[in-house]
2 protein chains.
Amino acid sequence: MSVLAAGGFEAFGLASGIKESGAPDLALVATADRTPVSAAGVFTTNLATAAPVLVSRAHLADGRAAAVIVNSGNANAATGEQGTRNAQRMCELSARELGCEPTDVLVCSTGLIGIPLPMAPIESSIGRLAAGLATDPGAATAAATAMLTTDTVKKESVATADIGGSLTLTVGGMAKGAAMLQPAMATMLAVLTTDVAVDPRALRVALQRAVGESFNQLTVDGCTSTNDTVLVLASGALGNPPIGFGGRGYHALTDALTAVCGDLAEQMGRDAEGATKFARITVVGARTVDDARRAARGVANSQLVQCSLNGQDPYWGRILSELGASGAFIDPLQVDIAYGGITVCRDGIAAEHDDRALAAVMAAHDIDIRCDLRVGQSEASVITTDLSYAYIDENAKTS
Amino acid sequence: MSVLAAGGFEAFGLASGIKESGAPDLALVATADRTPVSAAGVFTTNLATAAPVLVSRAHLADGRAAAVIVNSGNANAATGEQGTRNAQRMCELSARELGCEPTDVLVCSTGLIGIPLPMAPIESSIGRLAAGLATDPGAATAAATAMLTTDTVKKESVATADIGGSLTLTVGGMAKGAAMLQPAMATMLAVLTTDVAVDPRALRVALQRAVGESFNQLTVDGCTSTNDTVLVLASGALGNPPIGFGGRGYHALTDALTAVCGDLAEQMGRDAEGATKFARITVVGARTVDDARRAARGVANSQLVQCSLNGQDPYWGRILSELGASGAFIDPLQVDIAYGGITVCRDGIAAEHDDRALAAVMAAHDIDIRCDLRVGQSEASVITTDLSYAYIDENAKTS
């Protein structure tokens, strides 16, 4: 059910013809009664911001939205002022069908950069898209499928949390992409829904925290796309007293958002095209959380570490070097490094270990790498993949 | 002649047995009279600093050195306190043969990380190495060859500059590596010599400038190794009045150092293993030089851009995205991007161009990419390569 797991929403998706392949490429999520509700977004920090990001940011200024329209197959990025007009037009077309204001509609696009968005397929399909809005599982699947590009599977997740007063909130979500893993198609997008009533500012901070603990801890190639967007709409269908900052409801909402975002991020990592390994880099004992994140990200983003994962080679010297170059404080004579619980480096030098057990760890699809800096108490974890021939194949050509 | 092009030095190299392959692995450069002269170094910023870097830094505290000993085949990095003792021992052994102080000897190592440096081959070969010191071209070649790891060719360069008073200075140098391109073998090293008399502090600043304009503008994978080192010794054999800060001599020296370092950096880029492309990313019109460098480096380090070069795909949307994510200030509606002089993006959107001419540009081995941010007057240039199957092969296994 994913994006429809939380009450108060409808969804649908179809093939409009943006994609030459004829695959589904247009999705719509709306409140059941078409009225705007509390909404929040987290957007790419890339200065070459895509048009839909600019438009969605503006439409979220009041913290409210009634719908999200998503297209795949074209990122509507590097498309200039016409691109912005096209993104606005997508909102207008949706609003006309839904009977809401254009500024209550958010828009996401994903696909190739630098190619004008073809509007004709959208203009001719929007009526059918809105007419298809429904609450059944098939409708949720249609929406989750229509946002995909080079993904091999759709990505959905649901979490619940007790907020007291015998009430249980639900957060559901759908996503596409794996950071910039599918760069020719760019972008990661996620659309989340929840049934709680919540102050828009509290929703925004909760979403930022959830994204910081999930999508921002996933890295495949260190790239930040022009279109990255995570949106959440809160219907209020649960009938709870509105959640503000702090308190049981706020924490429950943050936890549920984090759980859904974390699950979607892991699904993205696992769908990383061409990847033969799924690795979790955990740095503990850092002086600060920033240091821990910087160190974990430095290791995870390293082409050299990714190559060694591809080759199942436990070359910890490369990891130590990346920790040292990451900008985080380390004392090289204190660092411990372990693959799958087998310590290969202790006090910054080679540690005796069971080579056969280590080979078994490296041969597995999932590999845990743990680095203990032993200079503090902070920790962070980042998900990444290996670097493979298939990654090059995927990204050497846009078509 | 390279490292012996400037008067006042001798060199030699041989196979000591550090490398199991039996390839040359030990090189020595010394002043002709074994007395210390002005010397300077630029070292890695990696906090997991290799032992030879720690020792060389300490030995350069007085701005003087009489010799440089270099081994390949083992980086003596992540080797703890024993590693430091071994690096010091290399200096002691050299000093004993040369008749100078151990603190007048600098040491460089390159090769695998995390494996104790085998000292027996060095102990047993040092006498033969010192006895072989000579000024003939064969001796220079022996030294340049013995510092190589996975390099396919030795890297040497010479530059001269007029310093007035009918005097012409000479800078020569030898190098190995391509940043972290050969990561299993780690490191870039360069040893330079010059015949001028120069104040050590002026020499140090001149070297820093030269490195900033050359090696620091080369990037293959964004990695900073544990061992990166550039050293220069100035014999004074030219008989010039000592060069201080500023003036014709200082600028001539800086220019010649920059020319040699730039040439060596380009040779490293061209020897990048597995690379099928050699690309120069030039960013102009940036607000500051820092912005220009950040933007050029962001594009050059991008796995996605490197993959598109490998596929000969002029996907400029990716370049625009990397410019936007680089941290440099850009206005996406003002950016122009050209491959080999063919503008494919103007004002941040697709520009009409000759597809056949563009295909010819992308098919060439050398590709120039020029990005005009049009928000200022600053520029910078960075050298990189494509990302290929062979890069993965080279780095998936350490042996």
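Just so you know, all these numbers are worked out from the coordinates, no wet-lab data involved. All of these numbers come straight from a predicted model, not from anything done at the bench. Positions of Cβ are generated from backbone atoms using ideal geometry, with glycine treated the same way; all protein chains shown enter the neighbour counts.
Counting only lysines at least 8 places from B:Lys277 when in the same chain, those with an alpha carbon closer than 26 Å to its own are A:Lys397, B:Lys154, B:Lys155, B:Lys176, B:Lys397. Each of the peptides B:276-282, A:18-24, A:30-36 was scored by the mean count of other Cβ atoms within 10 Å over its residues; in descending order, highest first, they stand as B:276-282, A:30-36, A:18-24.
Backbone N atoms of the range B:1-32 closer than 14 Å to the 7 Å Cα→Cβ label point of B:Asp136 belong to residues B:11-13. In chain A, the beta carbon lying closest to the axis that superposes A onto B belongs to the residue given here with its whole-angstrom distance, A:Tyr389, 3.
Work through the residues other than A:Lys155 whose Cβ is under 13 Å from its Cβ and net out their charges, Lys, Arg +1 and Asp, Glu -1.
-2
A simple spin-label model places pseudo-atoms 7 Å from Cα toward Cβ; at A:Arg85 and B:Asp162 they are separated by 6.1 nm. A point 7 Å from Cα along Cα→Cβ stands in for B:Arg201, and the other copies hold the same point at 5.5 nm, listed in rising order. Mean per-residue shielding of peptide A:298-309 is 5, counting Cβ atoms of other chains within 10 Å of each Cβ. Given a Förster distance of 60 angstrom, what is the FRET efficiency for B:His251 paired with A:Ala58, based on the Cβ-Cβ distance and rounded to 0.05? It comes out at approximately 0.70. May I ask you to derive the FRET efficiency for A:Asp366 and A:Asp33 from their Cβ-Cβ distance with R0 = 56 Å, giving the value to the nearest 0.05? Taking R0 as 56 Å, the efficiency between A:Asp366 and A:Asp33 is 0.80.
Counting, for every residue in B:71-77, the Cβ atoms of other protein chains within 10 Å of its Cβ and taking the mean gives 1.
For B:Arg374, the distances from its label point to the matching points in the remaining copies are 5.6 nm, ordered from shortest, with each point set 7 Å beyond Cα toward Cβ.
The mean sequence distance of close C-alpha pairs (under 8 Å, at least 6 residues apart), as a share of the length of chain B, puts its relative contact order at 17 percent.
For the range A:4-118, the square roots a ≥ b ≥ c of the C-alpha gyration tensor eigenvalues yield an a/c of 1.5 or more together with a/b not exceeding b/c, which makes the shape oblate. Counting only Cβ charges, +1 for Lys and Arg and -1 for Asp and Glu, the dipole size of the protein assembly as shown around its Cα centre is about 760 debye. Which shape class, rounded, prolate or oblate, goes with the range B:278-396 when its Cα gyration tensor gives a ≥ b ≥ c as root eigenvalues, a/c under 1.5 marks rounded, and past that a/b bigger than b/c marks prolate? Cα axes put the range B:278-396 in the oblate bin.
Summing Lys, Arg as +1 and Asp, Glu as -1, what charge do residues with Cβ under 14 Å from the Cβ of B:Ile126 carry, B:Ile126 excluded? Provide the component values of the computation, followed by the final result.
Details: positive: B:Arg89, B:Arg96, B:Arg128; negative: B:Asp25, B:Glu92, B:Glu97, B:Glu123.
Once positives and negatives cancel, what remains is -1.
Between the range A:82-100 and the range A:228-251, the alpha-carbon centres lie 26 Å apart.
Please compute the net charge surrounding A:Val107, taking Lys and Arg as +1 and Asp and Glu as -1 over other residues with Cβ under 13 Å from its Cβ. My count for the surroundings of A:Val107 gives +1. When you count the other C-beta atoms within 10 angstrom of each residue and take the mean per peptide, B:228-236, A:194-202 line up highest first as B:228-236, A:194-202.
Here is how the number arises for the protein assembly as shown: DSSP H runs of 4 or more residues each give -39500 (n - 2.57), the sum is divided by the residue count, and the result at 222 nm is -10500 deg cm²/dmol. Of all the options B:Ile319, B:Ile115, B:Ile367, the one that moves most in a Gaussian network model of chain B with Cα springs shorter than 10 angstrom is B:Ile115. Bridge orientation summary for the protein assembly as shown: considering DSSP beta bridges with both residues in this region, about 70 percent are antiparallel.
Shielding value for B:107-117 is 3, the average number of Cβ atoms from other chains within 10 Å of each residue's Cβ. Once the Cβ-Cβ distance of A:Glu20 and B:Asp290 is raised to the sixth power relative to R0 = 51 Å, the FRET efficiency obtained is 0.75.
Note on chain A: with a GNM built from Cα contacts shorter than 10 Å, the maximum mean-square fluctuation among A:Leu253, A:Leu54, A:Leu192 falls on A:Leu54.
Per-residue 3J(HN,Hα) values for the range B:83-95, derived from phi via the Karplus relation 6.51 cos²θ - 1.76 cosθ + 1.60 with θ = phi - 60°, read x, 5, 4, 5, 5, 5, 5, 4, 5, 4, 4, 5, 4 Hz in sequence order (x marks Gly and Pro).
Look at the dipole of the protein assembly as shown built from charges on Cβ: of B:Ile349, A:Leu203, B:Asn227, the Cα furthest out on the positive end belongs to A:Leu203. For B:Gly99, the distances from its label point to the matching points in the remaining copies are 10.2 nm, ordered from shortest, with each point set 7 Å beyond Cα toward Cβ.
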